[in-house]
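A.B. asks: Sharing a structure with you now.
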Amino acid sequence: MVEDSLSSNAEFLSGWEMVVGLEVHCELKTRTKLFCGCMNAFGQEPNTSICPVCLGLPGSLPVINEHAVELAIRIGLALNCRVDESIFHRKNYFYPDMPKDYQISQYEKAINENGYLELPLSKKRVRIERAHIEEDTGKTTHVGGDGGRIHGAVHSLVDYNRAGIPLVEIVSAPDLRSAEEAREYVSELRSILVASGASDGKMEEGSLRVDANVSVRRSGSREFGTRCEIKNLNSLRSLGRAIAYEAERQVELIESGQVVVQQTRHWNEDQGVTTAMRSKEEAYDYRYFPEPDLVPLCPSKEWVSEIGSRIGLLPADRRKRLTSLFEGVESGSTFDQIVTVVGLGLDELVVGAVEGGADPRLALARAANEVAANMVNQANLSVEAFGELIKMESAGQLSATQAKTVLGKMLESGYRPQEVAASLGFEALDTAVLEALIDQVISTSPKEWERFSSGEDQLTGFFVGQVMKLSKGRADGKVVTAALHSRRA
Amino acid sequence: MTASTIGMSAFEIATLVRSKQVSAAEVTHEHLALVKARDGDLNSFLQISEEAALASAKAVDEMIAKGEDPGALAGVPIALKDNLVTRGISTTCASQILKAWKPPYDATVILKARAAGAVALGKTNLDEFAMGSSTENSSFGPTRNPYDLGRVPGGSSGGSAAAVAAKFAPIALGSDTGGSIRQPAALCGIVGVKPTYGLVSRYGLIAFASSLDQIGPFARNVKDAALLLQVIAGHDRMDSTSLGGPVPDLLSDIENGVEGLRIGVIEELIDGVSPMVGTALDSAANSLSAQGAQVEHLSVPAVKYGLSAYYLIAPAEASSNLARYDGVRYGLRVEGQDMNETYVASRTKGFGPEVKRRIMLGTFALSSGYYDAYYGRAQRVRTMIIDSFRKAYESFDVLLSPTSPTTAFELGAKAADPLSMYLSDVCTIPTNLAGHPAISVPYGEGENEMPIGVQILAPALGEANMFKVARALERGAPLIAKKLFWE
Amino acid sequence: MPESISRKEVKHVASLAKLALSDEEELMYTDQLAAILDHARDIMALDTAKFAPTAHPLELNNVFRSDVEKASLDRDEVLSQAPASQDGRFVVPRILGEAP
């Protein structure tokens, strides 16, 4: 999945190193908002999930949602953080999507500090500086001007349904060194958030939002360069492209004798560029001070360990569990498949199928490829049906091609593999029929058969193809190959 | 109807209403008529909610007709400071920025008072956003003192204090951030209470300084004040800073006297008070001593730093609390070319000079480079004051001081000099910083025959002792001979 | 010990607080704020190091609500109080920049 821009970027950056730190905002999967009983839901009619508290009406007061704190602690534990006493601060600035014109956030003492995340492929540990709780803002829609953008808009419309939804902001140390690493980090973080039950991890719905701090320095240098913060990274693809672009931009600036100005930049997905939003020289004075309407959070050791016991298996353990199904993960591609399967939360499917007697390698491959490609319908697939399909394929009742087709139909319909196979006419060919087809091919291509019989193996494909054609795809290539070779002997 | 209920206590009215000797409707009509006839001179009400009042009274009478008990405040008229949120009834904070705002919800105290049978007559005047000590900062004109229309009623809850003193209602609710209940109570010759922080829910109180604000009662006697506080106190799940646990019983022991109680007179708060206020305090101390209390002078050194700490902390919190008045969701909008211009135009037009002054002071105290020197330091001084009180309460049950250094001053006397106005809060502020309760009890007349208030301070949740001492003080207090403006 | 406050700082603070001041107001507020801050110099001289800051008079912690839905407000009632609304949303003038 590595894009062209990234590989060319690596060359461009030779002699340079990029330094990336990420701030990931994650919406917590609670029923209600952080400080009030309004529903935490995506896609509601505008301004229907609002109350005096999340609208910041005069006189209203916040009360912390206990479950939001629990989910935040789960995140902290899953990221190996120290979970400790914390307080809330007010971050003061004016903006129409913020009902109180201050955001309640954690500033000095965050609930989770000093953790790490281990990247699955490189095993590199990325330090997590903090993962703190804060409230989300409302949403503005820009009307008039250029396609809903803020610039040139005539006016804007504000919907406060999202205002007050609980967020955890996860801040990494500047430990990432490439766009690929950044993507791997976010992808693993997303898996952790989903596995711990803290978030649904849907980047496309904005429940996971990433800001990237990017700087560059000469290879071997220990000092950090001036960094820019990139906002609006709504997918892994944007993240990778934006970081690569930004690093190139900075290198170009420096190599042409200019300097990088510390600023916040906006990623423009259509044009594939970052543009300046404002420079840090006009940095806002947020006037943080302790939120007087809330009291400190002091999670007891007992509560924290109880929460810890409720976290399900995390991705690293899930990968271990999958790996243990094989006698040894000799090839990198198997491990890649394991990472993919765990990343998508398909590992239960594979483990369940294997426990039901399915072949591990085949189950893993089908999950990592066919199921992974059709995640929208993944809920239609039961562990049992998946296991049966894998067993049918291993037993030769379905060819590989047939198995893939059947799996596709199963994902769409939720039917059992036998039903789908029958409806497609994918009955396994019995040996007699197959032998008859082989006879037919030999009789129509005697010269080729003679050459094949005398050892020209390159003709295997030709004969398998002919048999498949006659069987209208019902024959299993491997079985045909074996049959051809035993005939020749 | 037999006799007029005007001038009766809340206890008396509730008793008459519950025993069907008078209807809540009659009581309401009578008080509304007085307000309508006389408030033109006083300007204590910003809005009279006649319809809602009559509807509440009717509901009380219907309950009584059905043999149900409407509660401890059955049919008792109550005035509400206009920074308490009332559903469908405009709530202005005496500010142009909220001039037309009709809230979609009720403050917790409003619900509690209503549930106890109280009948809200309307919303009373205040210094804009409760910032002031004279009610001259109202953008709807000042309230006047009912004993002398040329003088201020104190503030910021001047409307509620004046309305109760003028007998427009036997009880009222106010809010006290640095003395905004006790100082106007003293200046108007009535009782005013600032409860322990967290005893009364702040949900629906429009915030001035969140860590200092408390809602509390006004009444013309100590028992009524205790009764109203008993009704509005108690845990509220809508306020994270609301105390749990049972509400202390404020009434059972109120008549039990002060025999054996240790009462300390705070020396630091006597310095600089007017001669007659000083004399009144001595007399109050003697009266309590004569009733069997052990009264001694003591030093609570840190209280003298209260004013400085307060005028950094309160504006800092206010600068943030008042950010939401931005012309987007409710209240005044003055349209500019863009969002930022609209913010500036709306806020510049919507806020009065004192509010702007405190927003700027608070913004400065929190701003980068000054936080530690001002806000941070003020918070440490706050700890110092709490510590100083803690030591005092090791040796004393309650403390005594004047409520205000002077009696009511003339309108306009301090308007040009904010600092001199701030100094009128010097005796009341330390209590707010500590989160403790305090009460102001009228104690005769002072300069210009205007009322004097004596303040009783108690440790957190020490309300029961505080009321006991207040009741004893009230028993021995000289009366106010001066007539109300309409009498 | 910091100087109390300059006119330039008053201007800056007013802009942070989204307030416009006339020249006369700037001068007036500079004088008044300086007087108030000068009064606060009494606490600048104190040794407060041994006192931790008090943000709050209560010694409460862990006050929570449970994750249970409550009724939301009626949108029409809320929007009836808005200076401007359209299609169920609040209308604001054009915004010149992204959130800081």
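The values are calculated or read from the model by the stated rules, or taken from the named source; none is laboratory data. Treat the numbers as computed from the prediction; the structure is a model and nothing was measured. When we count neighbours, we look across all protein chains shown, and the Cβ atoms used for this are built from the backbone with ideal geometry, even at glycine.
A.B. asks: Would a scan of region C:54-61 turn up a residue that is out of contact with any strand residue (DSSP E or B) (no Cβ under 6 Å at 6 or more places or on another chain), over 30 Å from B:Gly352 (Cα atoms), exposed (fewer than 13 other Cβ atoms within 10 Å of the Cβ) and within 7 Å of another protein chain (Cβ to nearest Cβ)?
C.D. replies: Scanning region C:54-61, I find no residue that is out of contact with any strand residue (DSSP E or B) (no Cβ under 6 Å at 6 or more places or on another chain), over 30 Å from B:Gly352 (Cα atoms), exposed (fewer than 13 other Cβ atoms within 10 Å of the Cβ) and within 7 Å of another protein chain (Cβ to nearest Cβ), so the answer is no.
A.B. asks: Here's a follow-up. Name the residue that is farthest from the chain's Cα centre (by Cα), counting only residues in region A:287-320 that are over 26 Å from B:Leu243 (Cα atoms) and among the acidic types (Asp, Glu).
C.D. replies: If we take residues in region A:287-320 being over 26 Å from B:Leu243 (Cα atoms) and among the acidic types (Asp, Glu), then A:Glu306 is farthest from the chain's Cα centre (by Cα).
A.B. asks: Right, another one. Checking the conditions here, which among B:Gly369, B:Gly327 is buried (at least 23 other Cβ atoms within 10 Å of the Cβ), on the phi > 0 side of the Ramachandran plot and in a loop (DSSP other than H, G, I, E, B)? Don't jump to the end; show me each part of the working.
C.D. replies: Working: B:Gly369 fails: buried (at least 23 other Cβ atoms within 10 Å of the Cβ).
The match here is B:Gly327.
A.B. asks: Assuming A:Leu381 fulfils every condition listed in (1) within 14 Å of A:Val420 (Cα to Cα); (2) modelled with pLDDT under 85 apart from one, which condition is it?
C.D. replies: It fails just one condition, (2).
A.B. asks: Being in a loop (DSSP other than H, G, I, E, B), crowded, with 18+ Cβ neighbours inside 10 Å and over 24 Å from the mean Cα position of the chain (by Cα), is that true of even one residue in region A:246-265? Please lay out each step first, then the result.
C.D. replies: In the first step, residues of region A:246-265 are kept if they are in a loop (DSSP other than H, G, I, E, B); the result is A:256-262.
From what's left, crowded, with 18+ Cβ neighbours inside 10 Å: A:260.
Now drop any that are not over 24 Å from the mean Cα position of the chain (by Cα), which leaves A:260.
So far as region A:246-265 goes, yes, one or more of its residues are in a loop (DSSP other than H, G, I, E, B), crowded, with 18+ Cβ neighbours inside 10 Å and over 24 Å from the mean Cα position of the chain (by Cα).
A.B. asks: Quick check on C:Ala84: is it within 23 Å of B:Gly306 (Cβ to Cβ), at the interface with chain B (Cβ under 9 Å from one of its Cβ atoms) and crowded, with 16+ Cβ neighbours inside 10 Å? Can you show your working first?
C.D. replies: Values: within 23 Å of B:Gly306 (Cβ to Cβ): no; at the interface with chain B (Cβ under 9 Å from one of its Cβ atoms): yes; crowded, with 16+ Cβ neighbours inside 10 Å: yes.
Spelling it out, it is not the case that C:Ala84 is within 23 Å of B:Gly306 (Cβ to Cβ), at the interface with chain B (Cβ under 9 Å from one of its Cβ atoms) and crowded, with 16+ Cβ neighbours inside 10 Å.
A.B. asks: Pick out the one residue from B:Ala460, B:Ala477, B:Ala464, B:Ala470 that is in contact with a strand residue (DSSP E or B) (Cβ under 8 Å, 6 or more places away or on another chain), closer than 30 Å to B:Ser242 by Cα and at pLDDT 95 or above. Outline the logic, then answer.
C.D. replies: Details: B:Ala460 fails: in contact with a strand residue (DSSP E or B) (Cβ under 8 Å, 6 or more places away or on another chain); B:Ala477 fails: closer than 30 Å to B:Ser242 by Cα; B:Ala464 fails: in contact with a strand residue (DSSP E or B) (Cβ under 8 Å, 6 or more places away or on another chain).
When all the criteria are applied, what remains is B:Ala470.
A.B. asks: Among C:Leu46, C:Leu27, which is the only one that is among the hydrophobic types (A, V, I, L, M, F, W, C), more than 27 Å from A:Tyr102 (Cβ to Cβ) and more than 8 Å from every other protein chain (Cβ to nearest Cβ)? Before the answer, list the steps.
C.D. replies: Working: C:Leu46 fails: more than 8 Å from every other protein chain (Cβ to nearest Cβ).
Unique residue meeting the criteria: C:Leu27.
A.B. asks: On to the next question. If a residue has to be surrounded by 22 or more Cβ atoms within 10 Å (Cβ to Cβ) and of a type in the set (S, T, N, Q) to count, how many in region B:240-282 make the cut?
C.D. replies: Matching residues across region B:240-282 total 3.
A.B. asks: Return the total of residues in region A:40-59 being more than 7 Å from every other protein chain (Cβ to nearest Cβ) and more than 18 Å from A:Pro96 (Cα to Cα).
C.D. replies: Residues that pass the stated criteria total 5.
A.B. asks: Among what's in region A:118-129 and is surrounded by fewer than 23 Cβ atoms within 10 Å (Cβ to Cβ) and outside any loop (DSSP other than H, G, I, E, B), pick the residue that is nearest to the other protein chains (Cβ to nearest Cβ).
C.D. replies: Ranking the candidates gives A:Glu129 first.
A.B. asks: So, one more: Can you name the residue in region B:395-412 that is part of a strand (DSSP E or B) and among the aliphatic types (A, V, I, L, M) and is also surrounded by the most Cβ atoms within 10 Å (Cβ to Cβ) among such residues? Walk me through how you get there before you give the answer.
C.D. replies: The first filter runs over region B:395-412 and keeps only residues part of a strand (DSSP E or B), leaving B:398-402, B:410.
After this cut, where a residue has to be among the aliphatic types (A, V, I, L, M) as well, the list is B:398-400.
Details: B:Val398: 26, B:Leu399: 28, B:Leu400: 25.
Result: B:Leu399.
A.B. asks: Still on this structure, I have one more. So which residues in region B:336-349 are buried (at least 24 other Cβ atoms within 10 Å of the Cβ) and more than 7 Å from every other protein chain (Cβ to nearest Cβ), if there are any at all?
C.D. replies: B:Ser346
A.B. asks: So the check is Cβ under 6 Å with 6+ separation or different chains; which pairs have a first residue in region A:40-52 that's assigned to a loop (DSSP other than H, G, I, E, B) and a second one that's among the charged types (D, E, K, R)?
C.D. replies: The qualifying pairs are A:Asn40/A:Lys33; A:Phe42/A:Glu205; A:Pro46/A:Asp159; A:Pro46/C:Arg89; A:Asn47/A:Asp159; A:Asn47/C:Arg75; A:Thr48/C:Arg75.
A.B. asks: Sticking with this structure for a sec: I need the full set of residues from region B:156-205 which are out of contact with any Pro (no Cβ under 6 Å at 6 or more places or on another chain) and among the aromatic types (Phe, Trp, Tyr), in order please.
C.D. replies: B:Phe168, B:Tyr203
A.B. asks: Here is a further query. Output yes when any residue across region A:16-37 is at positive phi, in contact (Cβ under 8 Å) with a residue 24 or more places away in the chain, of a type outside the set (S, T, N, Q) and more than 7 Å from chain C (Cβ to nearest Cβ), and no when none is. Quick ask: steps written out before the conclusion?
C.D. replies: Within region A:16-37, the first condition is being at positive phi, and the residues that meet it are none.
There is no residue in region A:16-37 that is at positive phi, in contact (Cβ under 8 Å) with a residue 24 or more places away in the chain, of a type outside the set (S, T, N, Q) and more than 7 Å from chain C (Cβ to nearest Cβ).
A quick yes/no check of all residues on (1) touching a His at 6+ places or on another chain (Cβ under 8 Å); (2) within 14 Å of chain B (Cβ to nearest Cβ); (3) crowded, with 24+ Cβ neighbours inside 10 Å:
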| residue | (1), (2), (3) |
| --- | --- |
| A:Leu61 | no, yes, yes |
| A:Gly76 | no, no, yes |
| A:Ile87 | no, yes, no |
| A:Tyr93 | no, yes, no |
| A:Asp101 | no, yes, no |
| A:Ser105 | yes, yes, no |
| A:Glu108 | yes, yes, no |
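A.B. asks: List the pairs whose first member sits in region A:174-198 and is on the phi > 0 side of the Ramachandran plot, whose second member is of a type in the set (Gly, Ala, Ser) and not in a helix (DSSP H, G or I), and whose Cβ atoms are under 9 Å apart, counting only residues at least 6 apart or on separate chains?
C.D. replies: A:Gly197/A:Gly312
A.B. asks: Identify, from the list B:Arg237, B:Arg220, the residue that is touching a residue at least 12 places away in the same chain (Cβ under 8 Å) and either buried (at least 20 other Cβ atoms within 10 Å of the Cβ) or more than 24 Å from B:Gly306 (Cα to Cα) (or both). Even if it seems obvious, please write down each step before you answer.
C.D. replies: On the way: B:Arg237 fails: touching a residue at least 12 places away in the same chain (Cβ under 8 Å).
Only one candidate passes the filter, namely B:Arg220.
A.B. asks: Conditions first: (1) charged (D, E, K, R); (2) over 30 Å from A:Ser49 (Cα atoms); (3) at the interface with chain B (Cβ under 7 Å from one of its Cβ atoms). C:Lys8 passes all but one, so which condition is the exception?
C.D. replies: It is condition (3) that C:Lys8 fails.
A.B. asks: Looking at region B:434-484 only, could you name the residues that are crowded, with 24+ Cβ neighbours inside 10 Å, in a loop (DSSP other than H, G, I, E, B) and under 19 Å from the mean Cα position of the chain (by Cα)?
C.D. replies: Answer for region B:434-484, where residues must be crowded, with 24+ Cβ neighbours inside 10 Å, in a loop (DSSP other than H, G, I, E, B) and under 19 Å from the mean Cα position of the chain (by Cα): B:Gly435, B:His436, B:Pro437, B:Ala458.
A.B. asks: May I pose another question? State all residues of region B:371-413 that are facing another protein chain (nearest Cβ under 10 Å), among the hydrophobic types (A, V, I, L, M, F, W, C) and touching a residue at least 24 places away in the same chain (Cβ under 8 Å); if no residue qualifies, say none.
C.D. replies: Answer for region B:371-413, where residues must be facing another protein chain (nearest Cβ under 10 Å), among the hydrophobic types (A, V, I, L, M, F, W, C) and touching a residue at least 24 places away in the same chain (Cβ under 8 Å): B:Ala378, B:Val381, B:Met384, B:Ile385, B:Ile386.
A.B. asks: Check whether at least one residue in region C:8-21 is farther than 30 Å from A:Gln263 by Cβ and surrounded by fewer than 16 Cβ atoms within 10 Å (Cβ to Cβ), and report yes or no.
C.D. replies: No, there is no match, as no residue in region C:8-21 is farther than 30 Å from A:Gln263 by Cβ and surrounded by fewer than 16 Cβ atoms within 10 Å (Cβ to Cβ).
A.B. asks: Within region A:210-232, is there a residue that is within 14 Å of the chain's Cα centre (by Cα) and either basic (Lys, Arg) or assigned to a helix (DSSP H, G or I) (or both)?
C.D. replies: Step one: of region A:210-232, the residues within 14 Å of the chain's Cα centre (by Cα) are A:210.
Still in the list and also either basic (Lys, Arg) or assigned to a helix (DSSP H, G or I) (or both): none.
No, the conditions are met nowhere in region A:210-232.
A.B. asks: Just checking, which of C:Val78, C:Val13 is over 30 Å from B:Ala434 (Cα atoms) and either touching a residue at least 60 places away in the same chain (Cβ under 8 Å) or facing chain B (nearest Cβ under 7 Å) (or both)?
C.D. replies: Unique residue meeting the criteria: C:Val78.
A.B. asks: What are the residues in region A:109-150 that are charged (D, E, K, R) and either under 30 Å from A:Ser178 (Cβ atoms) or in contact (Cβ under 8 Å) with a residue 40 or more places away in the chain (or both), if any? Can you show your working first?
C.D. replies: First, the residues of region A:109-150 that are charged (D, E, K, R): A:109, A:113, A:118, A:123-125, A:127, A:129-130, A:134-136, A:139, A:146, A:149.
Selection gives A:Glu113, A:Glu118, A:Lys123, A:Lys124, A:Arg125, A:Arg127, A:Glu129, A:Arg130, A:Glu134, A:Glu135, A:Asp136, A:Lys139.
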